[in-house]
Amino acid sequence: MPTLFILLAGVVAVIIIIASIFLLRRAEDDPLTVRIDEFAAREEIVSIEEIELSMPITDRIFIPIIRKFSDFIIRFTPQKSLEQTTRQLQLAGNPRNMSAANFWMLRILATVGISGLLAMMMLRNGAETGRVLLWALGGAALGFMLPAMFLRSMIDRRKQAIIKKLPDALDLMTICVDAGLTFNAAMQKVAEKWDDPLSTEFGRVIYEMQLGKSRRQSLKDMSERIDVPDVTSFIAAVLQAEQLGVGIGKVLRIQSEQMRVRRRQRAEEKAQQAPVKMTFPLVFLIFPSIFVVLLGPAGIQVARSNAVKGVTG
């Protein structure tokens, strides 16, 4: 029975890993639609059955199973949790175009996979049933929390990248406006010059405006997608200047100076926090090593002298 259980757990873990890989690789793309577009571009007349048979077996079997499982998860997941996950994915920049259902499916797969692997390892080592269950529960909790921790890390990194790049982007926009370009053209220049989250958001604003959305609404949506106080204040200043008829170049210049002052203040704040953060490694890691190096030889000599005295005495 333990051997059979280990074999089944290994098979389940392999299936979960494969499903997770395909889920991350193709979160939202429809393989059949992509294949139909390819044949349409070639101007070849083929039937739907031939198109389906020309698809890889992974797209014909694994992707539909994963999507049905995602639909099943949506039915039993609270709507509030799905909305919060959608919001977090939006703040993270929609990695791999993953939906909330796919993310929750990934969490469930990680929960089952890590729990099964730890249980398999403990059974293989001959552990007791209680210890196996304890490790399985710990692995389940770890697998359930890891995707959320990675998502939070992605959100923090994206926000930090936007905060770091904002003063440079405002400088470029100020130069473009002073050279005679419009505000929209300045945003387009920022989107073309760099490849980072902020320039991508400016490019999305331009794209939405080309589709017919107003600049005011596009900038507000950008502020909600990013959720960075510096960007929010910048967009609020631009919209207020547009409403009052103030020159956009002057507003950009003032905002650029303010952003650089804020960046300098953040650097000074981190410099002030450095000594406090260094206390723990100094006390628990560096000082003990220094004591061992300095006092170790003296301790060895004292121990030897005491041993010699004991022998002679």
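Any read-out appearing in this document is the output of simple, stated calculations on the displayed coordinates, not a laboratory observation. If you're wondering where the values come from, they're calculated on a predicted model, not measured in any experiment. Please note: Cβ atoms are built from the backbone with ideal geometry, for glycine as well, and neighbour counts cover all protein chains shown.
Based only on other Cβ atoms within 10 Å, what is the fewest-to-most ordering of F150, F183, F287? Working shown, then result.
Values: F150 14, F183 19, F287 11.
Sorted ascending by nearby Cβ count, the order is F287, F150, F183.
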*asked:* With just the Cα atoms defining each centre, how far is the range 175-239 from the range 112-160? Give it in Å.
replied: 41
*Quick one: which of K80/K270; K80/K193; K213/K270; K165/K220 span more than 30 angstrom between C-alpha atoms?*
K80/K270; K80/K193; K213/K270
_Karplus (6.51, -1.76, 1.60) ³J(HN,Hα), θ = phi - 60°, over the range 133-144, in Hz, Gly and Pro reported as x_ = 5, 5, 5, 5, 5, x, x, 5, 5, 5, x, 6
_the range 254-270 - phi-based ³J(HN,Hα) in whole Hz, Karplus 6.51/-1.76/1.60, Gly and Pro as x_ = 5, 5, 5, 5, 5, 5, 5, 5, 5, 5, 5, 5, 5, 5, 5, 5, 5
